[in-house]
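Take a look at the structure set out below.
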Amino acid sequence: MRLKLDENLAGRGRELLAAGGHEVVTVVEEGLCAAEDRALYAACQAEQRGLVTLGLDFANPFIHPPETTAGIMVLRLPDEPAYADLLAALRMLLAVLALLNAPYYTAQDIKKHDAYVKRWFGGGLYSGDYFPSMHTIQEQVFTKSFTGPYIKDYLGPLLIETAPPPAAKPEPKPAVVNIKK
C-alpha cells in the first residue's frame, strides 16, 4: 500500500511500515512540514496515498472524507506515550492492513491449500502445520469471533470489499478503505 506518514510519525514509523512491504513517504521528505491539513489531504488525494497520522483533525470524515483518498489511518496513543506505545500501534496497523488487503480466496483455493497441508503435514490436529492460513484468519475474525458480526454490521463500510479475481488482466488496485454501503 502507498502510505504517507504525517510529521508526527515521520522517522519513527517509516522503517517499520517499509519493512512490512509498504511504499512509504513522509511529510518531512516532501517538504510539507507544518502544512495545513487541507494541503496534506490534497497531496494524499493527488498521490493516491493513505495518510497515517496521530492528528485527530483527520478523524472527522465530514472535513476529510476518506473515500476520496486511499484511506486515512488515525492512530490513538495514551496521553503520555512511550516509544513502545508508538511501535505497538504501528505493528497493529501492519496486521490490520495485511488482513484487509489479503487476496480473495475461492473455495477451490481453500481446497487446494487443505490438500497441500494434508499431503505434506498429515492433516489433523497434530499435523505439524501450526500457522493458520490467511483465509482461516479472515474466517475466524469476520465470521466466527464474538466481534466479527459487529465489525461486519457496524464497521462494514470501512472494510475493503474483496471480489474474485477477474478473468482478464487485473488492473492495479489501490488499497482503498470504502466507506460506502
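We did not get these values from a lab; they are worked out from the coordinates using the rules stated. Bear in mind the structure is a predicted one, so any value in this text is a computation, not a measurement. Cβ coordinates were reconstructed from backbone atoms using ideal geometry, including for glycine residues, and neighbour counts include every protein chain displayed.
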**OP:** Over all alpha-carbon pairs of region 11-130, lay out the pair-distance distribution in 5 Å bins, whole %, shortest bin first.
**Re:** 2, 9, 15, 17, 16, 12, 7, 7, 7, 5, 3, 1
Original post:
What percentages, rounded to whole numbers, describe P(r) for region 60-99 computed over all alpha carbon pairs with 10 Å bin width beginning at zero?
Top reply: 25, 41, 32, 2
**OP:** Can you pull the one-decimal nm distance between simple spin-label points at Lys118 and Arg2, each 7 Å off the Cα toward Cβ?
**Re:** 4.4
**OP:** With unit charges on the beta carbon (Lys/Arg positive, Asp/Glu negative), name the residue among Val24, Leu51, Met1 whose Cα is farthest towards the positive pole of the charge dipole of region 1-95.
**Re:** Met1
Original post:
What residues have an amide H closer than 5 Å to that of Thr26, excluding those fewer than 5 places away on the same chain, when H is modeled at 1.01 Å from N in the peptide plane?
Top reply: Leu5
Original post:
Once amide H atoms are placed 1.01 Å from N in the peptide plane, what residues at a sequence separation of 5 or more from Ile72, or on another chain, have their amide H within under 5 Å of its amide H?
Top reply: Leu51
